[in-house]
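Colleague: Once you've had a glance at the structure underneath, I'll fire off some questions.
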Amino acid sequence: MRQNPSFAMTDVPEIRRIIDEHPWATLVSHTDEGLVASHYAVLLDRDRDDLTVVGHVGRPDDAIHGLGDREVLLIFQGPHGYISPGWYGDAPSVPTWNFVSVHLSGTPEILTPEENLQVLDRLVDRFESRMPHPRRMWELPNDETFVRGLERGTVGFRLTPNRVVAKRKLSQNKPDAVVDTIIRELSAGSGPYTDPRLPAEMQRAHDRLRAAREKR
């Protein structure tokens with residue numbers, strides 16, 4: 001991902017927030033057979049305060065990716081959406097796409113079976129906890145034989161990135177009035193590109209920018 005200083009994200013807590021809120025990641029590897037991509041939910045390592053993440057792949061994806069033997073790229077996609085030139089006023093303009101994205105690169109560490117079980121348990125708890133009647137991994141009708149078999153069909157990993165590229169392109173290069181218009185249009189209930197997640201992320205970014213300007 002080409003970086004632009006105006007859009008670069010360097011604040012670790014903010015990058016962690018994006019990963020935590022958008023855990024569905026794309027895992028990319030460059031293998032002897034060419035590029036390979038898979039898609040899995042990935043979580044921040046709860047024992048670390050950096051950008052270390054944990055997850056798993058199903059067998060035989062570990063062999064396809066050469067997991068643990070080579071560098072991989074994890075891509076987290078935050079809120080994104082189309083921006084119409086009609087929202088820029090009368091100035092010459094073209095359409096664009098606003099987005100937030102985080103790329104983590106590094107060689108994963110393979111987890112032990114017990115560590116993998118802990119990660120699988122966390123994944124189930126993370127998403128099942130929102131259900132009205134959660135079905136936890138270790139609860140009936142699941143028994144230990146079933147859960148242990150589930151673990152054997154997966155390979156857990158921990159990735160501490162050696163390279164991080166995070167980008168937040170949210171109209172930071174536009175005047176405040178234009179940004180306010182875009183946020184309003186994206187928030188409109190009847191618009192074809194309405195999505196409350198993107199204007200909320202834009203508002204957050206521009207509130208931070210305005211606060212920084214006021215301190216100067």
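The numbers here are math on the coordinates, done by the rules we state, and not lab data. Nothing here was measured: the structure is a model prediction, and the numbers come from that model. Here the Cβ is made from the backbone with ideal geometry for all residues, glycine too, and neighbour counts use every protein chain on show.
Colleague: Determine, for HIS65, HIS39, the number of other Cβ atoms within 10 Å of each Cβ, and report the residues in order from fewest to most.
Modeller: HIS39, HIS65
Colleague: Also, I was wondering about something else. Along Cα→Cβ, 7 Å out, is where each label goes; now give me the distance between the ones at MET131 and ASP11 in nm to one decimal.
Modeller: 3.6 nm
Colleague: Which of the peptides 95-108, 189-202 is most tightly packed, and how do the rest follow, judged by the mean count of other Cβ atoms within 10 Å per residue?
Modeller: Per-residue mean Cβ counts within 10 Å order the peptides as 95-108, 189-202.
Colleague: Using the basic label-point model (7 angstrom from Cα toward the beta carbon), what is the ASP207 to TRP97 distance in nanometres?
Modeller: 2.8 nm
Colleague: I've got another one for you. With a/c under 1.5 counting as rounded, go ahead and sort the stretch 168-216 into rounded, prolate or oblate using the C-alpha gyration tensor (a ≥ b ≥ c being the square roots of the eigenvalues; past the cut-off, prolate if a/b is larger than b/c, else oblate).
Modeller: Cα axes put the stretch 168-216 in the prolate bin.
Colleague: Given the options LEU159, LEU44, TRP138, identify the residue whose Cα lies farthest towards the positive end of the charge dipole of the stretch 12-173 (+1 on Cβ of Lys, Arg; -1 on Cβ of Asp, Glu).
Modeller: After comparing all options, I get LEU44.
Colleague: A further question on this structure: Fewest to most neighbouring Cβ within 10 Å: what's the order for LEU44, LEU67?
Modeller: LEU44, LEU67
Colleague: Here's something else I'd like to know. Under 15 Å Cα to Cα from LYS167, which aspartates and glutamates show up? Leave out anything in the same chain fewer than 8 places away.
Modeller: Cα-Cα hits under 15 Å: ASP11, GLU14, GLU201.
Colleague: What is the sum of charges around MET131, taking Lys and Arg as +1, Asp and Glu as -1, for the other residues whose C-beta is under 13 Å from the C-beta of MET131?
Modeller: Once all neighbours under 13 Å are counted, the net charge is +1.
Colleague: In what order do ASP143, ASP47 fall by count of nearby beta-carbon atoms within 10 Å, going from fewest to most?
Modeller: Listed from fewest to most nearby Cβ atoms, that is ASP47, ASP143.
Colleague: Next question. Cα gyration tensor of the stretch 126-184, axes a ≥ b ≥ c as square roots of the eigenvalues: rounded (a/c below 1.5), prolate (a/b > b/c) or oblate?
Modeller: Because a/c hits 1.5 or more and a/b fails to exceed b/c, the stretch 126-184 counts as oblate.
Colleague: In the stretch 5-109, which trypsin sites (Lys or Arg not before Pro) are in a loop and have at most 15 other Cβ atoms within 10 Å, using DSSP for the loop call?
Modeller: Filter output for the stretch 5-109: ARG46, ARG48, ARG70.
Colleague: Please give the calculated 222 nm ellipticity per residue for the chain, where each DSSP H segment of at least 4 residues contributes -39500 (n - 2.57) and the sum is spread over every residue; nearest 500 deg cm²/dmol?
Modeller: -10000 deg cm²/dmol
Colleague: Average the reciprocal distances over every distinct pair of alpha-carbons in the chain, invert the result, and give the Kirkwood radius in Å.
Modeller: Kirkwood radius, the chain: 19.5 Å.
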